[in-house]
1. Give the peptides 132-138, 210-216, 88-94, 260-266 in descending order of average Cβ contacts within 10 Å, highest first.
2. How charged is the neighbourhood of TYR344? Take every other residue with its Cβ under 14 Å from the Cβ of TYR344, and add Lys/Arg as +1 and Asp/Glu as -1.
3. What is the sum of charges, Lys and Arg at +1 and Asp and Glu at -1, for the other residues whose Cβ falls under 12 Å from the Cβ of HIS258?
4. Can you give me the distance in nm between label points at TYR132 and ARG360, each placed 7 Å from the Cα along the Cα-to-Cβ direction?
5. Can you compute the modelled spin-label distance between LYS113 and SER277, with each label point 7 Å from Cα toward Cβ, in nm?
Amino acid sequence: MEANISSSLGLPSPSPTDFPTSLPNFNGLINHFTTLTLTQTPNPFASISNPTQPRSKPGPKPQTLLKNLSVFERAFIGAAGGGIAGAFTYACLHPLDTIKTKMQTKGASQIYKNALDAVSQTFSTNGILGFYRGFSAVVVGSTASSAVYFGTCEFGKSFLSKQENFPKILIPPTAGALGNVLSSAIMVPKELITQRMQAGAKGRSYEVLIKILQNDGVMGLYAGYSATLLRNLPAGVLSYSSFEYLKLAVMRETNKNHLEPIQSVICGALAGAISASITTPLDVVKTRLMTQARNEAVGKVAAVMYGGVSSTIREILKEEGWVGFTRGMGPRVLHSACFSALGYFAFETARIAILNEYVRRKGLEDVVVVSSS
């Protein structure tokens, strides 16, 4: 009888030795039944639950997909996050950058008493729009340059981390240097047009661009390129490395694999302030080279032409002494701290959001592939 019932249910026929002749208590019965079902038929009804649909294999976990992302995938995600962060940050802080530029241009000491005076004169002359001169060039240029910068940094960081013989402590500064060298090719023309307009050049962004091309050709767009690299390399290395080191310290302390928003803001602000305070003299030299206008002077500004970085340094020392290299430090440190706080916060937020969505979509695609194979 037992054999007939088992056969009709698809269960194996019991042998006389499967059941003990006597079970001392209820617990012994339960234990014996559990042992029997687990060892002989893990799921005897699995074949009749859905006989027409094959079972699919589980897809890879998100952690596995994240670790398996290629260097180029990480670079693409970093570039996308960087472009969003660049446009957002430059748009928020353009007024501060305008005042910083006015303070650092040639003859500014004769026009403005201090940063507050520069704010007052800018507002009284041009109103609120005076703080947003060159804004269109900033949005376009900053999106492209930030995408190149962060994409290159993420590429360098991912690539170098796979090199066993490369010192781990040198990965952030090396990645930051690579990012600055490539992004400066886009950043210099953008800053040149923006700072010409901030210093008082007439017309819209495209009109200033055409005038530069007419007077100096394509190479005129790269006036101050060497000074920009001279400033951006140390500044980029200091800022990016400081943020990465602070980020690593915070993540070790919190045992998390990412920063909270407030942590990104604080780490970014500290990194920006450190970088700006050290590299302000280089920024002064770069600004003097960029704001000079060939065959014209905007009021008292940029009345003398500079021949290069060395001659600019000599001219500043001759006219203003060592104090001239610290002009605009206050607005620049404030601008850089705010810029880095917003920038790294926006970048980390955008990068994590894009990364999670990319991993989620890739995981779903892999599940479909596994299920259909």
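Laboratory data are not the source of any read-out in this text; all were calculated from the coordinates shown. Model, not experiment: these values are computed from the prediction. Using ideal geometry, Cβ is built from the backbone for each residue, glycine included, and neighbour counts are taken over all protein chains shown.
1. 132-138, 88-94, 260-266, 210-216
2. Taking every Cβ under 14 Å from that of TYR344, the sum is -2.
3. +1
4. In this crude label model, TYR132 to ARG360 measures out at 3.3 nm.
5. Modelled inter-label distance: 2.8 nm.
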